[in-house]
Amino acid sequence: ADGQKLPPVNTEYDGLLLCGGNDIDPAFYGEPMNGAVEIHRERDDFELLLFRAFLDAGKPIFGICRGCQLINVALGGTLYQDLVEQKGLVHFDPELRHEVYTEDASLLRRLFGERFLTNSTYHQAVKTVAEGLRITARSAEGIVEALEHESRPIFATQFHPERLIGILWDDRTPDFLPLMEHFIKLCE
């Protein structure tokens, strides 16, 4: 990537968790950079390499926020670079909770029901969904909140379930421990 030698990827691990963080370079989905985007290209390059290696190895992959976006981009999808500018939506407030509606036969529906509240700490989201992924939850405004791969052990949430577990949980949302336990079981 850009002439750099990237380290080899060890896929001996049982699964890959792609966590939140800075924005993904829009060059990966063929768009010029919006002024609200803050990238870290080295991280993008390395995480895309990790994703590809774990995908090829058939290992479980769980993406959270940026991780959800990265999975979508890695498989050919695009993103809204700034929900405020492009959709007029504010989803970047750690105190905000918004409703999520799950799809039939989805992991989130099985674990948490048809709808629930979750946190909102992002300014980007999936725009066009990559081939092989299916939308499994949306916000009331239609923003993609979760994805699952059609045939591989890959799933992702736009929201942050790890911030709503145990002592971090608040009584406005489900305790998302079962989602984390699901990923652990996939990795066993």
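Return yes or no: is residue 117 of a type in the set (A, V, I, L, M, F, W, C), out of contact with any helix residue (DSSP H, G or I) (no Cβ under 7 Å at 6 or more places or on another chain), at pLDDT 90 or above and open to solvent by 10 Å² or more (accessible area, probe 1.4 Å)? First the steps, then the outcome.
Details: of a type in the set (A, V, I, L, M, F, W, C): yes; out of contact with any helix residue (DSSP H, G or I) (no Cβ under 7 Å at 6 or more places or on another chain): yes; at pLDDT 90 or above: yes; open to solvent by 10 Å² or more (accessible area, probe 1.4 Å): yes.
Judged against the criteria, residue 117 is a match.
Within region 12-28, residues that are open to solvent by 60 Å² or more (accessible area, probe 1.4 Å) reach partners that are in a strand (DSSP E or B) and aliphatic (A, V, I, L, M) with beta carbons closer than 7 Å, at six or more positions or on different chains, in the pairs 19/64.
Residue-wise test of (1) crowded, with 16+ Cβ neighbours inside 10 Å; (2) within 14 Å of the chain's Cα centre (by Cα); (3) in a helix (DSSP H, G or I).
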position: 54; (1), (2), (3): yes, no, yes
position: 73; (1), (2), (3): yes, yes, yes
position: 96; (1), (2), (3): no, no, no
position: 99; (1), (2), (3): no, no, no
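Return the only residue of 129, 90 being at pLDDT below 95 and not in a strand (DSSP E or B).
90
Residues are listed down the side, and each one gets a yes or a no for (1) at pLDDT 95 or above; (2) farther than 21 Å from residue 184 by Cα; (3) of a type outside the set (A, V, I, L, M, F, W, C); (4) surrounded by 14 or more Cβ atoms within 10 Å (Cβ to Cβ):
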{"residue": "48", "(1), (2), (3), (4)": "yes, yes, no, yes"}
{"residue": "61", "(1), (2), (3), (4)": "yes, no, no, yes"}
{"residue": "64", "(1), (2), (3), (4)": "yes, no, no, yes"}
{"residue": "78", "(1), (2), (3), (4)": "yes, yes, yes, yes"}
{"residue": "112", "(1), (2), (3), (4)": "yes, no, no, yes"}
{"residue": "124", "(1), (2), (3), (4)": "no, yes, yes, yes"}
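The values are calculated or read from the model by the stated rules, or taken from the named source; none is laboratory data. It should be emphasised that the depicted structure is a prediction, and the values quoted were computed from it without experimental measurement. Note that each Cβ is placed from the backbone with ideal geometry, even for glycine, and that neighbours are counted across all protein chains shown. Ligands, DNA and RNA are excluded from the accessible area calculation, which covers all protein heavy atoms including side chains. Shrake-Rupley method; radii C 1.70, N 1.55, O 1.52, S 1.80 Å.
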